[in-house]
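To start, the structure itself, in structure tokens.
The values are calculated or read from the model by the stated rules, or taken from the named source; none is laboratory data. Note that the structure is predicted; figures quoted are calculated from it, not measured. Note: ideal-geometry Cβ built from the backbone for every residue, glycine included; neighbour counts use all protein chains shown.
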């Protein structure tokens, strides 16, 4: 009986070692994926700054879809339609065209306040935000 217990203990010990090795491998893969994701995002930002990426044509169809939404819902909708990204100046223009903004003079300040209080977005560049739920949906 003692022999069976020691065999079982040896097997369980080997299993622990294997599982730890697998975990370390997966952690390395996750770090590599995070690095690749950051590299792609950096490339996109560089192309945007260089003017080589223009905002998608989908913006033209967004304005009618914004009517009747709350400000935060409109911002989330704009971001989801543009790959999870939101440029505040584009949101101001679109929401103004949809009649959601009464006073364009304080519109940017209002939008920055809504975004910062919502906890729905993370800042990725000056005037640019990423919809957090959009990022989480990609990995689920």
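Please state which of the following conditions residue 122 fails to meet, knowing it meets all the rest: (1) within 24 Å of the chain's Cα centre (by Cα); (2) surrounded by 12 or more Cβ atoms within 10 Å (Cβ to Cβ).
That leaves (2) as the condition not met.
Scan segment 120-140 for residues that are modelled with pLDDT of 90 or more and touching a helix residue (DSSP H, G or I) at 6+ places or on another chain (Cβ under 8 Å) and jot them down.
Those that are modelled with pLDDT of 90 or more and touching a helix residue (DSSP H, G or I) at 6+ places or on another chain (Cβ under 8 Å): 120, 121, 122, 124, 125, 127, 128, 129, 130, 131.
Pull up segment 81-109, narrow it to residues that are assigned to a helix (DSSP H, G or I), over 22 Å from the mean Cα position of the chain (by Cα) and in contact (Cβ under 8 Å) with a residue 12 or more places away in the chain, then point me to the one that is surrounded by the fewest Cβ atoms within 10 Å (Cβ to Cβ).
104
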